[in-house]
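K.L.:
Can you read through this structure? Questions will come right after.
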Amino acid sequence: MSTYMIQGSYTPMAWSSMLRAPENRAEAVAAIVERLDGRLLQSWLCFGEYDVVSIVELPDTVSAAALVMAIAAGGIVVNLRTTEVIDDEEGLVAMKRASRVQLRPPAGSLLHEPAE
């Protein structure tokens, strides 16, 4: 399973509807995620650039794309952003692998050491 952070903004019409009839939208998202063989780990309403942030586990990238497409098709969330995230343990493994395959900076760059 892969973990994804999904961020989005509600449309003004969505906010208007939710103020008239408040409901927990995380439950609706959880149902979609479960139909894609995943699970909703956490969801928050937030201030700032995005109105909602959710963390979901899904089997693969295609499932993540399907989730975002389904949410976008609903018409109530815009500015959707999907970010695959890894935990600290996976990050450590990635750092160790990266240390074995470092990319040489381009010749002439400020990072390039002059040839002797």
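K.L.:
Which of the residues spanning segment 28-52 are in a helix (DSSP H, G or I) and in contact with a helix residue (DSSP H, G or I) (Cβ under 6 Å, 6 or more places away or on another chain)?
P.N.:
Ile32
K.L.:
I would also like to ask the following. Does segment 19-27 contain any residue that is in a helix (DSSP H, G or I), without any contact (Cβ under 8 Å) to a residue 40 or more places away in the chain, surrounded by 15 or more Cβ atoms within 10 Å (Cβ to Cβ) and under 14 Å from the mean Cα position of the chain (by Cα)? Give the derivation first.
P.N.:
Here is the first cut: in segment 19-27, the residues in a helix (DSSP H, G or I) are 19-20, 25-27.
Next, only the ones that are without any contact (Cβ under 8 Å) to a residue 40 or more places away in the chain stay: 19-20, 25-27.
The next check asks that each one be surrounded by 15 or more Cβ atoms within 10 Å (Cβ to Cβ); those that pass are 25-26.
Within this subset, residues satisfying the condition of being under 14 Å from the mean Cα position of the chain (by Cα) are none.
No: segment 19-27 contains no residue that is in a helix (DSSP H, G or I), without any contact (Cβ under 8 Å) to a residue 40 or more places away in the chain, surrounded by 15 or more Cβ atoms within 10 Å (Cβ to Cβ) and under 14 Å from the mean Cα position of the chain (by Cα).
Each row is one residue, and each column tells you yes or no for (1) touching an Asp or Glu at 6+ places or on another chain (Cβ under 6 Å); (2) free of Cβ contacts under 8 Å to residues at least 24 places away in the same chain; (3) surrounded by 13 or more Cβ atoms within 10 Å (Cβ to Cβ).
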{"position": "Ala14", "(1), (2), (3)": "no, no, yes"}
{"position": "Val29", "(1), (2), (3)": "no, no, yes"}
{"position": "Ser43", "(1), (2), (3)": "no, yes, yes"}
{"position": "Val85", "(1), (2), (3)": "no, no, no"}
{"position": "Ala94", "(1), (2), (3)": "no, yes, no"}
{"position": "Ala98", "(1), (2), (3)": "no, yes, no"}
{"position": "Leu103", "(1), (2), (3)": "no, yes, no"}
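K.L.:
Let me confirm something: among Gly75, Gly48, Gly8, which residue is in contact (Cβ under 8 Å) with a residue 60 or more places away in the chain, surrounded by fewer than 17 Cβ atoms within 10 Å (Cβ to Cβ) and small (Gly, Ala, Ser)?
P.N.:
None of the other options fit; the residue is Gly75.
FYI, it's all coordinate maths here, none of it is from the lab. Every value quoted in this text rests on a predicted model; they were computed, and no experiment measured them. Cβ coordinates were reconstructed from backbone atoms using ideal geometry, including for glycine residues, and neighbour counts include every protein chain displayed.
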